[in-house]
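Take a look at the structure set out below.
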Amino acid sequence: MSKLKGVFPVLPTPFDAKGAVDEASLLRLLEFAIESGADGFVYPGMASEVETLSPEERKAAVVALGKALRGRIKFVVGASAADPDEAAARAREGAEAGASAAMIMAPAKAGQDVAAHIAFYAQVAKNCPIPIMLQNAPAPNGAGLKPEAVVQVALAVPTVRYVKEETLPCGQHVTKILAAAAGKLDGVFGGAGARYLIDELVRGAAGTMPAIEMADVHVDIVRAFEKGDTKKARYLYSRTLPLLLFQQTFRVRMTKTVLQARGLVGSNASRAAGPVPDAGDNVELAALIAEAADLFNRHPVREAAQ
């Protein structure tokens, strides 16, 4: 199996006006990732509001994506769960749907206890048929392990082949993980909404796993970087930052508003906890979307944020 690399956007979970999962919009987002030239996609992750999905909703969405995918790009299934046996079960669901790897975050209660992390991933690995990507997210969602601890866990559990590093400072951590792993990992991906994308790429990251609202632009950035056109890559990167700063506060609500403006989802409804934009925020977000609209040449902006 070829190593995972490149742009892997995390698909959000669209909801309809009644709060149910909007499968048609979810599949439209898959097609958007493919049209954008993404190398793969991730589902479900924190940007998918996975904590709000029932096991039945989660499985049904993974199955639907697998049927629609037909092997056209790589699929990383989000399989995080507090119980390692449940995480392994979610990984098996993903594998059956065609996933190449399972992204799994140990429960936050493991804290900085490396032995607890090793025990968790070792138990998952017993019944996980695909490679594991260790997601190292900061508290309160994750444990925010130090780079040396991340590598210690990965090397103790051979099924862990990848790391998604999201603990600040991300760039430094990519460097330290790659150095400590000494070639024994298949890749380290950046996350954190692609807010540190160029720094991560310069330091040897295999790719990025941001939210999907600007997947086409992120693909353009990475392709330009790969071709040695750092001027173009940095220009495009700088153009994404105003929106990504807004996303840092409003998370999936910002992502869905941009996707709605681009005609990719019918609603920006969200189940997630966290700040909700008020009228003033919506005015500002509409202005930011308009300023970035020339970058969105695959699905042009149709409407301003509501």
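Read-outs throughout are calculated quantities, based only on the coordinates presented, and are distinct from any laboratory measurement. Remember, it's a predicted structure, so these values are computed and weren't measured experimentally. When we count neighbours, we look across all protein chains shown, and the Cβ atoms used for this are built from the backbone with ideal geometry, even at glycine.
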For this session: Treat every Asp and Glu Cβ in the stretch 14-147 as -1 and every Lys and Arg Cβ as +1, leave all other atoms uncharged, and give the resulting dipole magnitude about the Cα centre to the nearest 20 debye.
Result: 340 debye
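Quote the convex hull volume per residue of the stretch 1-49, based on C-alpha atoms, as a whole number of Å³. Display every interim value, and only then the final one.
Values: hull volume 4.2 nm³, N = 49.
Residue-normalised Cα hull volume stands at 85 Å³.
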Exercise. Mind checking the log10 I(q)/I(0) for the chain at q = 0.16 Å⁻¹? Debye, one equal scatterer per Cα, no solvent, two decimals.
Worked result: -1.35
For this session: Report, to two decimal places, the Cα Rg of the stretch 1-156 normalised by 2.2 N^0.38 Å (N = number of residues).
Result: 1.02
Seminar exercise, completed: Per-residue ellipticity at 222 nm attributable to helices in the chain (runs of n ≥ 4 DSSP H, -39500 (n - 2.57) apiece, nearest 500 deg cm²/dmol) works out to -15000 deg cm²/dmol
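Which of the GluC sites (Glu not before Pro) found in the stretch 93-173 are loop residues per DSSP with 15 or fewer other Cβ atoms within 10 Å of their Cβ?
Working: sites: Glu93, Glu96, Glu148, Glu165, Glu166; in loops: Glu166.
Sites meeting the loop and neighbour criteria: none at all.
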Exercise. Once the other residues with Cβ under 11 Å from the Cβ of Glu31 are scored (Lys, Arg +1; Asp, Glu -1), what is the net sum?
Worked result: +2
Exercise. Expressed as an acute angle from 0 to 90° and rounded to the nearest 10, what is the orientation of the C-alpha long axis of helix 279-292 relative to the principal long axis of the chain?
Worked result: 90 degrees
Exercise. For Ile212, Ile130, what's the fewest-to-most ordering of other Cβ within 10 Å of each Cβ?
Worked result: Ile130, Ile212
Exercise. Using +1 on the beta carbon of Lys and Arg, -1 on that of Asp and Glu, and nothing else charged, what's the dipole of the stretch 6-229 about the Cα centre, debye to 20?
Worked result: 560 debye
Problem set entry | Between the stretch 239-303 and the stretch 142-207, the alpha-carbon center distance in angstrom | 28 Å
Problem set entry | Neighbour-count order for Cys170, Cys128, fewest beta carbons within 10 angstrom listed first | Cys170, Cys128
Exercise. Reported to two decimal places, what Rg/Rh ratio describes the stretch 161-300 when computed on Cα atoms with Rh from the Kirkwood expression?
Worked result: 1.00
For this session: Quick one: divide the alpha-carbon radius of gyration of the stretch 111-203 by 2.2 N^0.38 Å and tell me what you get.
Result: 1.01
For this session: For the stretch 211-306, state which chymotrypsin sites (Phe, Trp or Tyr not before Pro) are in a DSSP loop and have at most 10 other beta carbons lying within 10 Å of their beta carbon.
Result: none
Seminar exercise, completed: Exposure proxy check on Ser54, Ser267, Ser100: fewest-to-most Cβ neighbours within 10 Å is Ser54, Ser267, Ser100
Exercise. Residue by residue through the stretch 73-88, which ³J(HN,Hα) values in whole Hz follow from phi under the Karplus form 6.51 cos²θ - 1.76 cosθ + 1.60 (θ = phi - 60°), with glycine and proline marked x?
Worked result: 9, 6, 10, 10, 7, x, 10, 5, 7, 5, 8, x, 5, 5, 4, 5
Exercise. Straight-line reach from Lys232: which lysines have a Cα under 23 Å away, not including same-chain ones fewer than 8 places off?
Worked result: Lys5
For this session: Note down the relative contact order for the stretch 6-229 as a percent, whole number, built from C-alpha pairs under 8 angstrom at least six residues apart.
Result: 19 percent
For this session: Can you grab the distance from the C-alpha centre of the stretch 219-238 to the C-alpha centre of the stretch 14-49, Å, no decimals?
Result: 25 Å
Seminar exercise, completed: Most fluctuating of Gly190, Gly171, Gly228 in the GNM of the chain (C-alpha, under 10 Å) is Gly228
Exercise. So, counting K/R as plus one and D/E as minus one, what does the shell of residues with Cβ under 14 Å around Ala64 add up to?
Worked result: -2
